1. Between 71, 97, 127, which is in contact (Cβ under 8 Å) with a residue 60 or more places away in the chain and under 22 Å from the mean Cα position of the chain (by Cα)?
2. Given 72, 65, 48, 109, which one is farther than 28 Å from residue 128 by Cα, modelled with pLDDT under 95 and touching a helix residue (DSSP H, G or I) at 6+ places or on another chain (Cβ under 9 Å)?
3. Given the conditions (1) surrounded by fewer than 11 Cβ atoms within 10 Å (Cβ to Cβ); (2) in contact with a helix residue (DSSP H, G or I) (Cβ under 6 Å, 6 or more places away or on another chain), and given that residue 95 satisfies all but one, which numbered condition is not satisfied?
4. Please determine, by comparing only the residues of segment 20-35 that are part of a helix (DSSP H, G or I) and surrounded by 14 or more Cβ atoms within 10 Å (Cβ to Cβ), which one is farthest from the chain's Cα centre (by Cα).
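The values are calculated or read from the model by the stated rules, or taken from the named source; none is laboratory data. All of these numbers come straight from a predicted model, not from anything done at the bench. Glycine also receives a Cβ, built like all others from the backbone with ideal geometry; neighbour counts cover every protein chain displayed.
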């Protein structure tokens, strides 16, 4: 299918894929005084809906790769800090803690915390199998070993 969208229409489609809101995308794409009407006309085009779908898929893939990288390479320092904080400190600092890699937090009847983390090896495995590129030349030996381990599990 030939892409016959103008640059302004492509810009609207990209914003729409990002925001999911016709009015907001029309404003950012500077479609003018009758922006919503123009936006709805753009959305009626098959090429526009195909372009939006492609943009949305690319955005989802990027988000997934970024999240997997955070799981695979992220630090757990803030979770360790959390374990040693007093309850009043937790309430004061919880918004500042990076707990992205935390899968589950449980507090026992005695007040002890149990923290479970996402599996870094699984995240690395998914990144590797998806063809995600790694910039570090030093990591190639590690990824070769990981590849062999995955093959042995199959």
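1. Being in contact (Cβ under 8 Å) with a residue 60 or more places away in the chain and under 22 Å from the mean Cα position of the chain (by Cα) holds for just one of 71, 97, 127, which is 127.
2. Within the list 72, 65, 48, 109, the selection yields 48.
3. The one condition residue 95 does not meet is (2).
4. Among those residues, the one meeting the criterion is 35.
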